[in-house]
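Worksheet for the structure shown next.
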């Protein structure tokens, strides 16, 4: 008898610059059992973006109808546009034993943990080794002005305050080591008894096999 398992909802959160996007990319590239959660948004597609690949592009009316009907796992309004996670694709993925990775902030993570899919959630918060290193990483990216970096640093303190809400915490002082530890977390969670389907029947089969041998 072949055992199957239910999929995981893997939540990765961190302040900007702590490394969650790098870790997400590595896991997605190397583990075919993990898929990335595609969000829905009401913003217009940018050049080169394809509906269903980068985002599910919705009108405000379509998005709000999904929220009203319970079709969104989590959602928020950011700079005048709505963003959120459609529920149906996530449910289909975990029912088929695939794991869904979410690169979200603490607010999105909180909504997912409080959803009807809470039992499937594994949440990981990524911390920087120090605030000085976090600031250095933001500056090395060269994408933001000094004022934006300052604002991101101020925001990071508020984000870090939510670390204790997560199942696991990784200090990303070495991205290779952090990746190994993240993989260990995912593998251990996959093997939890509660996530294995058909286990009762399997054990019953072992007992019946034993009785037949007597």
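The values are calculated or read from the model by the stated rules, or taken from the named source; none is laboratory data. Only a predicted model underlies this, so the values are computations on that prediction, with no experimental measurement involved. We place every Cβ from the backbone using ideal geometry, glycine too, and count neighbours over all the protein chains shown.
Can you tell me which residues in segment 181-198 are under 21 Å from residue 102 (Cα atoms) and exposed (fewer than 12 other Cβ atoms within 10 Å of the Cβ)? Passing the criteria: 184, 187, 188, 191.
Is at least one residue of segment 59-70 closer than 18 Å to residue 109 by Cα and either surrounded by 12 or more Cβ atoms within 10 Å (Cβ to Cβ) or at pLDDT 95 or above (or both)?
Yes, segment 59-70 has at least one match.
The number of residues in segment 176-212 being closer than 21 Å to residue 32 by Cβ, in a helix (DSSP H, G or I) and at pLDDT below 95 comes to 1.
Checking every residue in segment 130-144 against the condition of being within 19 Å of the chain's Cα centre (by Cα), at pLDDT below 95 and not in a helix (DSSP H, G or I) gives zero matches. When you scan segment 95-116, do you find a residue that is part of a helix (DSSP H, G or I) and over 14 Å from the mean Cα position of the chain (by Cα), even just one? For segment 95-116, residues part of a helix (DSSP H, G or I) and over 14 Å from the mean Cα position of the chain (by Cα): present.
Among the residues of segment 18-35, those that are in contact with a helix residue (DSSP H, G or I) (Cβ under 9 Å, 6 or more places away or on another chain) and touching a residue at least 40 places away in the same chain (Cβ under 8 Å) comprise 18, 19, 22, 23, 26, 27, 31, 33, 34, 35.
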